[in-house]
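None of the figures in this text is laboratory data; all of them are computed from the coordinates on show. Fair warning: this is a prediction, and the values are worked out from it, not measured in the lab. All Cβ positions, glycine included, derive from the backbone under ideal geometry; neighbour counts span all protein chains shown.
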Amino acid sequence: MAKKIFSGVQPTGNLHIGNYLGAIKNFVDLNNDNQNKCVFCVVDLHAVTVAQDPKILRNNIRETVATFIASGIDPKKSIIFNQSQVGAHSEAAWILSCVARMGWLNRMTQFKEKAGKDKEKASVGLYSYPILMAADILIYDTTHVPVGNDQKQHLELCRDIAQKFNNDFGVNDFFKVPEPLIQKDFSRIMSLKDGLKKMSKSELSDLSRINLTDDKDQIINKIKKAKTDTLPMPSTIQDLNERPEAKNLIGIYSSLKNSTLEKTIQEFSGKNFSEFKEDLSQITIEKISPISKEIKKLLSDQSYLDKILEEGSKKADEIASKKIKKIHDIMGF
Ligand code: AMP
Ligand code: TRP
């Protein structure tokens, strides 16, 4: 069946191997299936829910587009654009914020994590962020949303909002209720320094993540310094349960190899971590270096990237503004 795909990535810098394995690699596979209609969005409106320096933001928007293309998304096949250029996102977000309930948003764990102890000082945008995300998805009649595991709760909220709107206005099936596409084993890549913490763009220590722009030496150094335990490599899947760092590195290796945890465990069972880490460095370099070289090359031609965004925004706007017109009719505007 033809799928309508939408996903977004925030232009907040430091795109890492977690973003790649959890989300972008999946975007590429979906882009390559000719039956699918894909929209990939640089969600700059989401980025400003926390303070951004405008100059850095502008660069990060281009870097995110460059990363999409360098990873293998073809701008001729998929729409690539930035959210702020299509007004329908903000408008739909307002309307849907009148549909979503406070109680629903109050349950969002990512807001609690991001706002930290001082919730009173968080922006209102950070709180209503998942409603904008629902708007992004619903105005394209999206059927499937590829994301990492951390976005699961936001997608459930999006489904609830779609259903409530359809019910409230008696417009069965007006908003499609989208399905999440979350990979089974590799949807949550953890920090290289702490196997219980998600690999994150905003973590202070650069050693905690492999950035998609890291060079060969940085990759080797980071993997060498990655935390492990003192035991030899595990022999069964069950052995991984109590060993989060080992599980994470084996997961990264398996995903980069398009293999499974089971096969990787068989391959390295009983060996030393140092041996495994050498192979992990090698496969990481093999898969990431071509992407990082291509990102750098693309970034040297800003006008090309800006043109992709401009053309993508036009195409996105055509689809989204039609949906907004229908929303106006339904709501009595
Ligand atoms: P963000 O950088 O928050 O916009 O995330 C972009 C995409 O990467 C989303 O689909 C996230 O779910 C995914 N993602 C972010 N961090 C990780 C991670 N550590 N492991 C797997 N996927 C991730
Ligand atoms: N909230 C997502 C994240 O932080 C990014 C995002 C915004 C998104 N809008 C989206 C993802 C729509 C999927 C679909 O990772």
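Measure off 7 Å from each Cα along the Cα-to-Cβ vector at GLU310 and LYS257, then give the distance between these two points in nanometres to one decimal.
Between GLU310 and LYS257, the simple spin-label model gives 4.7 nm.
Quick one: what are the phi-derived ³J(HN,Hα) couplings along the range 264-269, Karplus 6.51/-1.76/1.60 with θ = phi - 60°, whole Hz, x for glycine and proline?
Karplus values, whole Hz, x for Gly and Pro: 5, 4, 4, 4, 10, 3.
So what's the gap between the Cα centers of the range 172-202 and the range 304-333, to the nearest angstrom?
27 Å
Residues with beta-carbon under 12 Å from that of LEU132, excluding LEU132: net charge, scoring Lys, Arg +1 and Asp, Glu -1?
Computed value for this residue: -3.
Total Lys pairs in the range 206-297 closer than 17 Å by alpha-carbon, pairs eight or more apart in sequence or interchain only?
29
For Cα pairs less than 8 Å apart in space and 6+ apart in sequence, what is the mean separation divided by the residue count of the chain, i.e. the relative contact order in percent?
23 percent.
Could you calculate the contour length gain from LYS152 to SER90, that is, 0.36 nm times the residue separation minus the distance between their Cα atoms, to one decimal place in nm?
My answer for the length gained is 20.1 nm.
Please work out the FRET efficiency for the pair MET1 and ASP173, using the Cβ-Cβ distance as r and a Förster radius of 22 Å; give the result to the nearest 0.05.
0.90
DSSP loop trypsin sites (Lys or Arg not before Pro) in the range 116-183 with at most 15 other Cβ atoms within 10 Å of their Cβ, which ones?
LYS117
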